[in-house]
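Inspection log for the structure reproduced underneath, given as structure tokens.
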Amino acid sequence: MGDEFSVKIPKTLYYRIVRLANELEVDDVQSFIIDLLREAVSRYEEELGSSVVLSEEEIEKIKDRLKSLGYLD
């Protein structure tokens, strides 16, 4: 998965998630939690009108790549 961080959550919340995962017959609780977080973040990004935020360096790399492919002059 690449770089990872540990996050502490209250036990009661964790047990609720485990119970939900069991009801949905999910085998991998950690992946289920990651999917829940991705969905929640995407929903908030949509509401706020922002999705992906790129740095200036990333934008320049994309522009350079598009130029090398002939899409930009």
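One table, with the values for the structure above:
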{"read-out": "Residue check for residue 62: over 16 Å from the mean Cα position of the chain (by Cα) and not in a loop (DSSP other than H, G, I, E, B)", "value": "yes"}
{"read-out": "Test: residue in region 8-24 that is modelled with pLDDT under 95 and under 17 Å from the mean Cα position of the chain (by Cα)", "value": "no"}
{"read-out": "Filter result (assigned to a helix (DSSP H, G or I) and either in contact with a Gly (Cβ under 7 Å, 6 or more places away or on another chain) or surrounded by 10 or more Cβ atoms within 10 Å (Cβ to Cβ) (or both)) within region 12-29", "value": "13, 14, 15, 16, 17, 18, 19, 20, 21, 22, 29"}
{"read-out": "Only listed residue being among the charged types (D, E, K, R), at pLDDT 90 or above and either surrounded by 10 or more Cβ atoms within 10 Å (Cβ to Cβ) or in a helix (DSSP H, G or I) (or both), chosen from 45, 39", "value": "39"}
{"read-out": "Pairs where the first residue, in region 29-45, is closer than 20 Å to residue 19 by Cβ and among the aliphatic types (A, V, I, L, M) and the second is surrounded by 12 or more Cβ atoms within 10 Å (Cβ to Cβ) and modelled with pLDDT of 90 or more, C-beta under 8 Å, 6+ apart", "value": "29/17; 29/18; 29/21; 33/17; 36/17"}
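The values are calculated or read from the model by the stated rules, or taken from the named source; none is laboratory data. Everything numeric here is computed off the predicted structure, so don't read it as measured data. Cβ: placed from backbone, ideal geometry, glycine included. Neighbour counts: every protein chain shown.
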